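The values are calculated or read from the model by the stated rules, or taken from the named source; none is laboratory data. Small disclaimer: the values here were computed from a predicted structure and weren't measured. Positions of Cβ are backbone-derived with ideal geometry, glycine not excepted, and every protein chain shown enters the neighbour counts.
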Amino acid sequence: MRAFLGIDVGSVRTKLALVEEGGEVIHRSCSRTLSDPIQALRRCFKGLLPDKIRNHEISRIGVTGSARELVGMFLDADVVKNEISAHARAVSLLHPEIRTVIEIGGQDSKLILMEDGQVTDFAMNAICAAGTGSFLEQQAKRLGLSLDSLGSLALKSREGLSIAGRCTVFAESDMVYKQQMGYAREDIIYGLCLALARNYLNTMSQGKDFLPPIAFQGGVAANLGMRRAFEELLGESLTVPRYFLHMGALGAAFFASGSKGSQKRAPLTELLSARFKLRPWVCEDCDQRCRIMIYSRSGTIIGVKGDLCGKYTSDLRLLKTIL
Amino acid sequence: MVLTSPNMDRISHVYAFLFRSMGCLFRPPPPVDEKTRYWGRKLGREGFCQPLNNCIGDIYRAFNEKGANAVVMTAGDDPCRYGFYWYNQKTALEHVLGREVPFFIINHIRPKSSVEQILRDLGVSVSKKHFDEVWLHTMEKIFFLAEMNNWANRTRPYEKKRGETSRLYSRFVDRLLKTQTLEDSEEVFKRAIDSFQLRSLDVPDSRLRILLTGAIYEVMEPEANHNIEDRLALLGVEVERSLTHHDLAPIISKEGRDRIAEMEMILTQFASRYIVRTLAEEGFGGYGSTTIGHAARARSFGFDGIVHVHSFSCMPEIIARPYLKEISRRDKIPLLSLVVEELTSDEHFQSRLETFVDMVREKKRRSV
């Protein structure tokens, strides 16, 4: 049976999902990106057990996430799609009733408003990563807690304290102050969750209505304290999809399933073991002075990014003299 | 004195032509790049916006790398920063360089008399006939630049060979900036338009048109807006700038002047639906009221979406944002507001653009 592979290469985690033709999710894996998307990808594939895919042929690949262009090039992906569209696609197919999607990842947050399975409006954090997973993780580390225990501890709080959530630096000083004053740890932690949720709602909503049913997805959706904080502030219960962490990857797989799949791809094992190299270079042929990124796989140029005139994209041979 | 002028989509090269033709020494800065941003951030001050920092970077580089020692700039005394836009740059540069930096401002309402005054201040004497000829030619160059940009933006999404439009545009702009006579400029312009028109294009049945609006520097300078016009074209979208080279100089031809006057009237009418008429006419700093006027006319002028670009600390555009949201809601026209700051990473920027275009396309498909 044919299967479609979806990969979401995020700033903090890389997620992989395999979906068979009927839409059944047959495999998921996840690895920390650790500033090397290709290595993270290789780790994800290690979890792709042969017995899981014995009866399946991976016919198409879709990639999303902040390193989508790079990984898309590396794997000769059939579809490379932005993460908002990927999340929306997965929601529209797996939870068609959803009208609002709250997605919080490692370094960005998204709000997606939907109607009849289509995106009607969206927002992304613009300047600051104050309300995202990385900050929660940083604070958990500072308090000597795991992310999971941070969430369950927040559930024990009777009343969240007031913590400044506009800026991570101020939030941290506020937390330290409350800690030194002797407040209970669970109240401080829940206060932090409330502050992050408020930050998200302030920066993302900007006059937009959070119409129910509301889905909460992305890595931060695993945090029970954040779920509680959003439910308290919105006055609505949230739907956390079963595959909340892999919704982006699933969306990419769904996009891949609908694509023509014209790529002639080498076997995945061969691609994954190939050497991958990036060479940055500034083209000075015109005043644009494009910052060009030249990608090669085992010594062969496989793609180029950043040439606004498209000169090199349409003819990779021009780059041979540079490498 | 060796003059220079900050970059804003090649406008410094037009001023180079103007002042060199009058007998002055003029050296435009290198194109805006990471080095410009580095110097801008280093020499700029807290609260300076991206345009201000980039202009400082440009001037510093023109002084250091090209040997310039005085500055000519346009619109430095407009409502942006209460008319002290130029003065902020002057003081920041003088603080670093430890000497006086002469600044000559071309007033954007009375540019011709400003230039005459600048020449007098520089001790340059030219005949009235020569001045008028060079002035006419300069204004026509500005007009041609704007028109060529319009043509490029209208046809780029439908090109059959990727990059063909940008290459054509770049080639003709280079030629235009080098011409010495008005006849040569007209010939280059005619050839450019012929080249844009005569190409075979893949024009789809349903075209997407997006209005690019916001602060003038972010709308016009490709390095400041992450080359948004090219990015949108790659997504299959026609782009129209709300502010072009026209807005920096008066149009010589009566037809051109009438067109601009009509547009100003339209903008005031549309903007005054949302803000009091005095503010619509007089503005409230920078290009804020113009942005509101353009956004308010977008639906009536057949645009499918609005992309609003501004720097993080641009007060007039921040004031304009809620009005734009209201316009988007009332006119049911999708809006994307983008803060373009000194980020070198393009990923998030691209994600927003792609999603926005997907959304606009789907909305249009459903409405047909």
Exercise. Do we have A:R99 as more than 12 Å from chain B (Cβ to nearest Cβ), closer than 27 Å to A:R198 by Cβ, touching an Asp or Glu at 6+ places or on another chain (Cβ under 9 Å) and at pLDDT 90 or above here?
Worked result: yes
For this session: Kindly indicate whether any position in region A:259-269 is crowded, with 19+ Cβ neighbours inside 10 Å, in contact (Cβ under 8 Å) with a residue 40 or more places away in the chain, hydrophobic (A, V, I, L, M, F, W, C) and away from chain B (no Cβ under 14 Å).
Result: no
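Determine, yes or no, whether B:S125 is surrounded by fewer than 18 Cβ atoms within 10 Å (Cβ to Cβ), hydroxyl-bearing (S, T, Y) and either at pLDDT 95 or above or assigned to a helix (DSSP H, G or I) (or both).
The answer is no for B:S125.
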For this session: Scan A:E232, A:E186, A:E172, A:E236 and give me the residue that is closer than 18 Å to A:I102 by Cα, in a helix (DSSP H, G or I) and over 24 Å from the mean Cα position of the chain (by Cα).
Result: A:E232
For this session: Check A:T203 against each of (1) assigned to a loop (DSSP other than H, G, I, E, B); (2) within 30 Å of B:S328 (Cα to Cα) and name the one condition it does not meet.
Result: (1)
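Scan region A:102-160 residue by residue and report those that are among the acidic types (D, E), within 17 Å of A:A195 (Cα to Cα) and more than 14 Å from every other protein chain (Cβ to nearest Cβ).
Those that are among the acidic types (D, E), within 17 Å of A:A195 (Cα to Cα) and more than 14 Å from every other protein chain (Cβ to nearest Cβ): A:E137, A:E159.
I need a count of the residues in region B:1-53 that are of a type outside the set (F, W, Y), part of a helix (DSSP H, G or I) and away from chain A (no Cβ under 14 Å).
Qualifying residue count for the region: 10.
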Seminar exercise, completed: Residues of region B:150-171 being within 13 Å of another protein chain (Cβ to nearest Cβ), of a type in the set (S, T, N, Q) and within 16 Å of B:E238 (Cβ to Cβ), in sequence order, are B:T165, B:S166
For this session: Return yes or no: is B:L235 within 14 Å of another protein chain (Cβ to nearest Cβ), crowded, with 16+ Cβ neighbours inside 10 Å, within 19 Å of B:I306 (Cβ to Cβ) and over 17 Å from the mean Cα position of the chain (by Cα)?
Result: yes
For this session: Being assigned to a helix (DSSP H, G or I) and buried (at least 24 other Cβ atoms within 10 Å of the Cβ) is the filter here, so list the residues in region B:282-322 that pass it.
Result: B:G288, B:S289, B:T290, B:T291, B:I292, B:G293, B:H294, B:A295, B:A296, B:A298, B:E317, B:A320
Exercise. Which is without any contact (Cβ under 8 Å) to a residue 40 or more places away in the chain, in contact with a Lys or Arg (Cβ under 7 Å, 6 or more places away or on another chain) and over 30 Å from B:V357 (Cα atoms), of A:G182, A:G165?
Worked result: A:G165
Exercise. Which pairs do you get when a residue that is under 12 Å from A:Q206 (Cβ atoms) and within 10 Å of chain A (Cβ to nearest Cβ), found in region B:312-339, comes within reach of a residue that is surrounded by fewer than 21 Cβ atoms within 10 Å (Cβ to Cβ) and modelled with pLDDT under 90, reach meaning Cβ atoms under 6 angstrom, with the pair 6+ apart or on two chains?
Worked result: B:K325/A:G207
Exercise. Looking at B:E223, B:E240, which one is within 13 Å of another protein chain (Cβ to nearest Cβ), of a type outside the set (S, T, N, Q) and within 27 Å of B:P322 (Cα to Cα)?
Worked result: B:E223
For this session: Assess whether A:G131 counts as being out of contact with any Cys (no Cβ under 8 Å at 6 or more places or on another chain), crowded, with 20+ Cβ neighbours inside 10 Å and either modelled with pLDDT of 85 or more or part of a loop (DSSP other than H, G, I, E, B) (or both).
Result: yes
Exercise. Is one or more of the residues making up region B:201-224 among the aromatic types (F, W, Y) and in a loop (DSSP other than H, G, I, E, B)?
Worked result: no
Exercise. If we keep just the residues of region B:340-355 that are surrounded by 22 or more Cβ atoms within 10 Å (Cβ to Cβ) and within 8 Å of another protein chain (Cβ to nearest Cβ), which is farthest from A:M114 (Cα to Cα)?
Worked result: B:S351
Problem set entry | Residue satisfying all of: in region A:45-69; touching a Leu at 6+ places or on another chain (Cβ under 8 Å) and either in a loop (DSSP other than H, G, I, E, B) or modelled with pLDDT of 90 or more (or both); farthest from A:S296 (Cα to Cα) among these | A:H56
